[in-house]
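Working notes for the structure below.
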Amino acid sequence: MMNRNYNFAFLDEGSKREIRRAALKAVAIPGYQVSFGSRELPIGRGWGTGGIQLTLSLIGPEDVLKVIDQGSDESVNAVNIKKFIGLCTDVETTTKTSEATVIQTRHRIPEVPLTNRQILIFQVPIPEPLRIVEAREEVTKKMHAEKDYAPIWLQLYESLVKYNKVTIASEYPCMVSGRYMMNPSPIPKFDNPKLHRAECLYLFGAGREKKIYAIPPYTEVISLAFDDIPFEKENFKGKKCRLCGSENTYLDEMFDQHGDRFYQCSDTSYCQEVRDYVSG
Amino acid sequence: MTYVAVSGGKEAIEASIKLLDFYKGGTEKDVEIEAIENKLSLLVDRVMGEAGLYSKTYAALAIKQCEGSMEEAVFLLRAYRSTLTRNYYTNVVNTSEMRIVRRISAAFKDIIGGQILGASYDYTHRLINFDLDKEKAAELRREVLDMLGAQEPEEISLCPRVSDELRKEGLIEQYAQDDKPPHDVTMSMLEFPADRSARLQTLARADTGFISGLAYSALRGFGQEHPTVGELRCGYVELCVPYPLDEQEEIYIGEVLLTEVECFNKADDKEQLKLAVGYGAVFGRNETKAISMAVIDRELDHGGPYPTQNEEFVLMHGDSLEMNGFISHLKLPHYVTFQSKLDAVRKTRA
């Protein structure tokens, strides 16, 4: 039930408008991190407050909301965020990806491609792709301005020399529209190609770091790779989901009581849909 | 079967909150908000300071709501603060006009206006008082109030700052009056190099433990020499907002209790030396924090190789909400990213 002691969508209208303005600027400069006056929320900083502020500023009574964490609608954090948004709005929520107009996510992009009537909002812990090579914000800001991305390329090269592989796991950096290097948030490399020329709007919110950035529809998003060493996703060859049998999804590795290893779709809503389809 | 990992989140959260309420209840005895507000006033002060919201009652409520957890209480007040519309900005407060309840100088024995010891734990022996649970609060309070009532009130006189005298002598660097509107760290992101106003705001709201540790490191050797507390004053200042119909007039809206500190360090002045001032001001009675803030202000001005002299290091890592939020997020599931990490590790070993 909505708590009438608080404004619709918690924040005061002025704050929500300010966040929408930052989001508009982000859309206008794809991949560029727009700073904003991040507000404190009743949910912990580092727990998705950037994403939540975007959701709160964009959501209206007509919207249908889906929240996922690690691909799952049922995860404690996803449930908790949905519960909070439910307290200060009374929008409908769903677990079905195709039904949602606004989807907030942590660490995954749904398996089903999103459409132009949907917005995917990412929760971002560290928005700065250059932070792994340079600790100082003052310096990384200049590096972006000068499009000086050499240290990241060097890191990629060093990893090839040392391990014969690019060893970046998630948060794999990409170039947006040929101009800004961007951190796609801690999604697996498996999801990076879904950012490229997508039909939907992708918005990224980092509450603690006070940054918003965006990938507008049909934007070119290229994961970093050398001409002779192509970009490589996580490999699930020969493995499939134990529930729905999918072989083309991102899988979670698990162990049962006997210590036997098995795999299951990380996108729980997709997994359910496949099972529903199969059972007719 | 247990293979649907962390599902049933809703039921689990509800049960967790019920258990938490039971822990929070703790006993059949209740603790009144008024008691927290007045008997745990130093905790209240610290919570208000780190939250950046001056409301003793709400701070006391917040403390009660979270079993006295510092970080949770600050969190509650900050989140509430986000829902409030900012209607007015107060006029600049001149702390020379402070109604002082305590004032000391470690630099000079005699200062104009005098040293006022006030209430301080500094000269108490930290021996647990085993009779405290037999204390009769009402009687004690009445006794002191009766004693005070029998005394002749003294005229309140304003105390000039200790640094004013040194400034007249030209020993302290003179700065031009800077009346540009302060950078508001609650409304826009901190940028580097940061304005001094942004620095002081950030330090004033910073976690007391964080900045005390930093200041300690500067005193111990990871910084400049040992500074001198030129003046520490604690007292009430009046807050006024401009009267909307006449800019020259102002309306009194209340008072806040502050602790303010000026520290002195030796500093280069071409061929000679001068005194450089570090400044600290915090809500309520929180002297260690005010002194630490002054130490760090000075270290940041000075610059150098140590952590306390690095602006981004100091200003980006001391916010209670940010540090505790990000550290606690490590408890959230990281199945997807860990899977990716495993994949990267396995690939190099294939």
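Annotations for the structure displayed:
- Once the partner protein chains are put back, the range A:218-260 shows a loss of at least 40 square angstrom of accessible area, versus the chain by itself, at A:Arg242, A:Tyr250, A:Glu253, A:Gln257 (probe 1.4 Å, ligands and nucleic acids excluded).
- Residue-averaged [θ]222 nm for chain A, counting only DSSP H segments that reach four residues, each worth -39500 (n - 2.57): -8000 deg cm²/dmol
- Residue-normalised accessible area of the range A:235-280, expressed per residue, 1.4 Å probe, Å²: 61
- Sorting B:Val31, B:Val295 on solvent-accessible area from highest to lowest, probe radius 1.4 Å, gives B:Val31, B:Val295.
- Assigned charges on the beta-carbon of Lys, Arg, Asp, Glu; chain B dipole about Cα centre (debye): 1640
- Here's the picture: charge each Lys and Arg Cβ at +1 and each Asp and Glu Cβ at -1 in the protein assembly as shown, and of B:Phe338, A:Gly238, B:Ala137 the one pushed furthest to the positive end of that dipole is A:Gly238.
- Accessible area in square angstrom per residue, the range B:166-300, 1.4 angstrom probe: 51
- Taken about its Cα centre, the protein assembly as shown carries a charge dipole of roughly 2160 debye when the Cβ of each Lys and Arg holds +1 and the Cβ of each Asp and Glu holds -1.
- Percent carbon-and-sulfur accessible area, the range A:96-221, ignoring ligands, DNA and RNA, probe 1.4 Å: 54
- Charge tally for A:Ser269 (other residues, Cβ to Cβ under 13 Å; Lys, Arg +1; Asp, Glu -1): -4.
- Percent carbon-and-sulfur accessible area, the range A:235-280, ignoring ligands, DNA and RNA, probe 1.4 Å: 46
- Peptide ranges B:164-170, A:33-39, B:299-305, B:310-316 listed from the most packed, as the mean C-beta count within 10 angstrom indicates: A:33-39, B:310-316, B:299-305, B:164-170
- Relative intensity, log₁₀ I(q)/I(0), of the protein assembly as shown from a Debye sum that treats every alpha carbon as a point, q = 0.08, 0.11 Å⁻¹: -0.70, -1.18
- Solvent-accessible area assigned to carbon and sulfur over the range B:9-81 amounts to 55 percent, based on a 1.4 Å probe.
- Legend: Rg and Dmax of chain B, from Cα coordinates, 24.4, 87 Å.
- Here's the list of lysines a cross-link from B:Lys136 could span, going by alpha-carbon distance under 29 Å and ignoring same-chain residues fewer than 8 apart: B:Lys24, B:Lys29, B:Lys39, B:Lys56, B:Lys64.
- Most mobile listed residue (B:Ala12, B:Ala206, B:Ala59) in chain B, GNM with C-alpha springs under 10 Å: B:Ala12
- Under the combined filter of DSSP loop state and at most 16 neighbouring Cβ atoms within 10 Å, the range B:217-274 retains these chymotrypsin sites (Phe, Trp or Tyr not before Pro): B:Phe222.
- The charge dipole of the range B:9-81, taken about its Cα centre with unit charges on the Cβ of Lys, Arg, Asp and Glu (plus for the first two, minus for the last two), comes to roughly 180 debye.
- Counting Cβ atoms of other protein chains within 10 Å of each Cβ in B:306-319 and taking the mean gives 1.
- Averaged over the residues of peptide A:73-84, the number of Cβ atoms from other protein chains lying within 10 Å of each residue's Cβ is 5.
- Neighbourhood charge, 14 Å Cβ-Cβ cut-off, centred on B:Gly170 and excluding it, Lys, Arg +1 and Asp, Glu -1: -1
- Legend: mean number of C-beta atoms from other chains within 10 angstrom of residue C-beta atoms, peptide A:166-173, equals 4.
- Averaged per residue, the range B:9-81 has 60 square angstrom of accessible surface, using a 1.4 angstrom probe with ligands and nucleic acids left out.
- Chains A and B together bury roughly 4700 Å² of accessible surface, counting both sides and using a 1.4 Å probe on protein heavy atoms.
- Its residue count N fixes a reference of 2.2 N^0.38 Å for the range A:235-280, and the Cα radius of gyration divided by that reference is 1.15.
- Cross-link pairs exceeding 27 Å between alpha carbons, from the set B:Lys10/B:Lys347; A:Lys25/A:Lys66; B:Lys168/B:Lys270; B:Lys109/B:Lys270; B:Lys168/B:Lys266; B:Lys18/B:Lys331: B:Lys10/B:Lys347; B:Lys109/B:Lys270.
- For the range A:40-94 and the range B:100-145, distance of Cα centres in Å: 49
- Qualifying GluC sites (Glu not before Pro) in the range A:123-166, DSSP loop, other Cβ atoms within 10 Å at most 10: A:Glu146
- Contact with the other protein chains removes 40 Å² or more of accessible area, compared with the isolated chain and a 1.4 Å probe, from these residues of the range B:327-349: B:Leu332, B:Pro333, B:Val336, B:Thr337, B:Gln339, B:Ser340, B:Asp343, B:Ala344, B:Arg346, B:Lys347, B:Thr348.
- Rounded, prolate or oblate (a/c below 1.5 giving rounded, otherwise prolate when a/b exceeds b/c) for chain A by Cα gyration tensor: oblate
The values are calculated or read from the model by the stated rules, or taken from the named source; none is laboratory data. The model shown is predicted, which means the values in this text are computed figures rather than measured ones. When we count neighbours, we look across all protein chains shown, and the Cβ atoms used for this are built from the backbone with ideal geometry, even at glycine. In case anyone asks, the SASA skips ligands and DNA or RNA and just uses the protein heavy atoms, side chains included. Shrake-Rupley method; radii C 1.70, N 1.55, O 1.52, S 1.80 Å.
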